[in-house]
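The values are calculated or read from the model by the stated rules, or taken from the named source; none is laboratory data. These numbers come from a predicted model, not from an experiment. Using ideal geometry, Cβ is built from the backbone for each residue, glycine included, and neighbour counts are taken over all protein chains shown.
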Amino acid sequence: MATFKKLETGRWQAQVARQGVRKAKSFKTKREAQDWANRQEFLIAEGETGGSSQPLRELFSRYAREVSPKKRGARWEIIRLERLSKDKISEIRLSDLTPSDFADWRDRRLSEVAPASVNREMVLMSAVLTQARREWGLISSNPMADVSKPSKPPPRDRRVSQDEVDKLVVAAGADLTKIRARAVHAFLFAIETAMRSGEIISLTKETVDCESRVATLPKTKNGTSRKVPLSNAALSLLSELPETEGALFGLTSQQIDANFRAARDKAELKDLTFHDSRHEAITRLAKKLDVLSLARMVGHRDIRMLQVYYNETPEELARRLD
């Protein structure tokens, strides 16, 4: 049976006593206290699993060890899980977690980072809790299921001007034996092909057929292979790279990210990311290819995704009317 008491601090305390088990916890509102009490009574009635006394951080740690390494984005996911493990929510026992705990975390996190980042972290935490419910049997339900996500910000529509490209090249230097120069060279290649940074750094002599002008990507972001047609300009950029035994650009994901940012900052360019090259590339390619061909080239199964990256300005469209 659950009882509720309003404390002098204004918070509500819920007390649960059932089958010899007693628990108590305070909340900002009576509704939150009732939600927690209902969940505790259910867990006691069903018989809590041994894992229910674990703190949430142990779930994050186990997921990072057993599940994340199987994914393409393992490195970034593990970094996010480590960051989440440092938050106070990670100290709460699984049996005590309620939707209000995650709502409080969401609101605190929104004061620190953008809504898009909070959404990504919420999706990750929900995946961890779903794994704990379905395969590890540590919880009977996902307490994040009832927590609303922040509204998504409008799609990014940043384009890349030729002046910015010129400044980046000057900042990085022309010596392609240097990592920074190759990172910017990869950016130029991305503008020409609409390939993602991870796809570019995976290119090797074996995956690029210069005669047929096609690059083969064995595994892409969506988990499938893709063949990317290459323009003469793209082939020219590849021919300028120094000879290597492995990957053509000789870069890791960390190197391409850090060195592109360094060149951008040196060039004093604001609000420019490597991924903006994809917006620029798709907008340019839309002038050459029909919608279905463009979707196939850039790897979009849903052609509606092209609207996110197609950012031609009204002035450019006006010129095309003449």
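Numerical summary
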item: Condition broken by Val208, with the remaining ones in (1) under 24 Å from the mean Cα position of the chain (by Cα); (2) over 21 Å from Thr273 (Cβ atoms); (3) not small (Gly, Ala, Ser) satisfied; result: (1)
item: Test: residue in the stretch 65-83 that is closer than 19 Å to Ser26 by Cα and modelled with pLDDT of 90 or more; result: no
item: The one condition in (1) among the aliphatic types (A, V, I, L, M); (2) more than 16 Å from Glu280 (Cα to Cα); (3) surrounded by 14 or more Cβ atoms within 10 Å (Cβ to Cβ); (4) out of contact with any His (no Cβ under 7 Å at 6 or more places or on another chain) that Ile191 fails to fulfil; result: (2)
item: Positions within the stretch 121-145 being assigned to a loop (DSSP other than H, G, I, E, B), of a type outside the set (Val, Ile, Thr) and closer than 20 Å to Gln40 by Cα, in sequence order; result: Trp136, Gly137, Leu138, Ser140, Ser141, Asn142, Pro143, Met144, Ala145
item: Single residue of Phe249, Phe260 found to be aromatic (Phe, Trp, Tyr), buried (at least 17 other Cβ atoms within 10 Å of the Cβ) and part of a helix (DSSP H, G or I); result: Phe260
item: Set Lys152, Lys227: member being basic (Lys, Arg), over 23 Å from Phe260 (Cβ atoms) and assigned to a loop (DSSP other than H, G, I, E, B); result: Lys152
item: Scan of the stretch 190-226 for residues that are of a type in the set (Val, Ile, Thr), in contact with a helix residue (DSSP H, G or I) (Cβ under 9 Å, 6 or more places away or on another chain) and more than 16 Å from Glu240 (Cβ to Cβ), ordered by number; result: Ile201, Thr216, Thr220
item: Count of the stretch 263-319 residues which are surrounded by fewer than 12 Cβ atoms within 10 Å (Cβ to Cβ), part of a loop (DSSP other than H, G, I, E, B) and of a type in the set (D, E, K, R); result: 8
item: Sole exception among (1) over 21 Å from Lys152 (Cβ atoms); (2) surrounded by fewer than 18 Cβ atoms within 10 Å (Cβ to Cβ) for Asp101, by number; result: (2)
item: Count of the stretch 5-37 residues which are over 34 Å from the mean Cα position of the chain (by Cα) and either crowded, with 18+ Cβ neighbours inside 10 Å or under 24 Å from Trp105 (Cα atoms) (or both); result: 17
item: Residue list for the stretch 170-187, filter: in a helix (DSSP H, G or I) and in contact (Cβ under 8 Å) with a residue 60 or more places away in the chain; result: Val170, Ala171, Ala172, Ile179, Arg180, Arg182, Ala183, Val184, His185, Ala186, Phe187
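A quick yes/no check of all residues on (1) under 30 Å from Lys221 (Cβ atoms); (2) assigned to a strand (DSSP E or B):
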{"residue": "Lys5", "(1), (2)": "no, yes"}
{"residue": "Thr9", "(1), (2)": "no, no"}
{"residue": "Gln15", "(1), (2)": "no, yes"}
{"residue": "Asp35", "(1), (2)": "no, no"}
{"residue": "Ala45", "(1), (2)": "no, no"}
{"residue": "Ser61", "(1), (2)": "yes, no"}
{"residue": "Pro69", "(1), (2)": "yes, no"}
{"residue": "Arg72", "(1), (2)": "yes, no"}
{"residue": "Ser95", "(1), (2)": "no, no"}
